[in-house]
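Any read-out appearing in this document is the output of simple, stated calculations on the displayed coordinates, not a laboratory observation. Just so it is clear, the model here is predicted, and its values are computed rather than measured. Ideal geometry is used to build each Cβ from the backbone, glycine not excepted, and the neighbour counts take in all protein chains shown.
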Ligand SMILES: [Zn+2]
Ligand SMILES: [Zn+2]
């Protein structure tokens with residue numbers, strides 16, 4: 001069994017009531033993370049093109065939050081919506097620049113899935129946005145795309161792809177074949193990934209056991225999971241901050 005028995009130190013994808021359709025507060029999510037002995041969570045609310053989602057300035061508001069809440073490091077982030085096939089996002093760069101960790105996701109409520117080529121172009125465009133760290137749930141079978149193209153671009157840009165536990169829950173049913181193909185591609189191309197809960201209720205925070213079991217079955221290298229330890233996650237953030245600092249010059 002080994003290390004896959006443990007949960008990641010940082011859950012990189014969590015929502016609160018602010019997202020408009022989730023069920024717990026930040027305080028409840030933090031309490032849940034604390035109860036599980038975790039190091040941190042990324043607060044990644046849905047962007048404004050989600051029905052009843054957050055305003056585009058949510059990263060500005062998140063600056064009011066302490067870095068550490070009740071012993072849990074809370075990284076300020078978002079889950080921005082991809083809103084066209086060039087990869088445009090519903091949160092402008094000036095606000096994305098305030099985030100510590102930013103996810104870009106394709107949701108059918110913000111953009112109707114197109115052809116495989118169109119969806120791939122949308123994902124690649126989002127990944128090329130300097131403020132975006134990771135693509136959320138790109139294995140979603142409702143949004144067919146070219147996993148190899150995503151993997152190559154992530155490696156080229158020094159970015160991450162997400163293994164989202166909801167691909168193994170009733171939230172995104174029938175995702176497993178697509179997810180397994182996605183995992184195979186990430187393994188083949190040595191893509192760095194995050195394993196995340198996408199929690200919409202506090203008991204889901206840090207709950208990624210089904211994904212870890214599948215990754216173990218598929219012999220996925222643990223060292224490619226950057227949020228597995230606090231050190232490897234913070235090391236990625238140091239790298240992303242250097243990347244953004246170089247861009248500002
Ligand atoms: Zn999502
Ligand atoms: Zn989400």
Fully extended contour minus Cα-Cα distance, from residue 84 to residue 188, at 0.36 nm per residue: 34.5 nm
Length-normalised contact order for segment 2-248 - Cα pairs under 8 Å, 6+ apart - percent: 21
Mean ellipticity per residue at 222 nm, deg cm²/dmol - from DSSP H runs of n ≥ 4 across the chain, formula -39500 (n - 2.57): -10000 deg cm²/dmol
Mean Cα-pair separation over length for segment 1-65, i.e. relative contact order, pairs under 8 Å, 6 or more apart, %: 34
Kirkwood Rh and Cα Rg combined as Rg/Rh, segment 163-248: 1.02
Stokes-Einstein translational diffusion, segment 2-248 - Kirkwood Rh over all Cα pairs, 0.890 mPa s, 25 °C, in µm²/s: 139
Point-to-point label distance, residue 112-residue 217, nm (Cα→Cβ direction, 7 Å offset): 3.6
Among 104, 33, 149, residue whose mean-square fluctuation peaks in a GNM of the chain (springs only between Cα atoms under 10 Å): 149
Max mean-square fluctuation residue, GNM over the chain, Cα-Cα springs under 10 Å, options 92, 141, 130: 92
Inter-part distance where segment 199-249 and segment 30-90 are each reduced to a Cα centre, Å: 15
Cα Rg over Rh - segment 11-111, Kirkwood: 0.97
Förster radius 22 Å - calculated FRET efficiency between residue 17 and residue 64, Cβ distance, rounded to 0.05: 0.85
Percent RCO, i.e. relative contact order, over segment 96-219, from Cα pairs under 8 Å lying at least 6 residues apart: 22
Highest-fluctuation residue, 63, 34, 184 considered, GNM on the chain with Cα pairs under 10 Å: 63
Theoretical FRET efficiency, 1/(1+(r/R0)^6), r = Cβ-Cβ of residue 25 and residue 209, R0 25 Å, to 0.05: 0.55
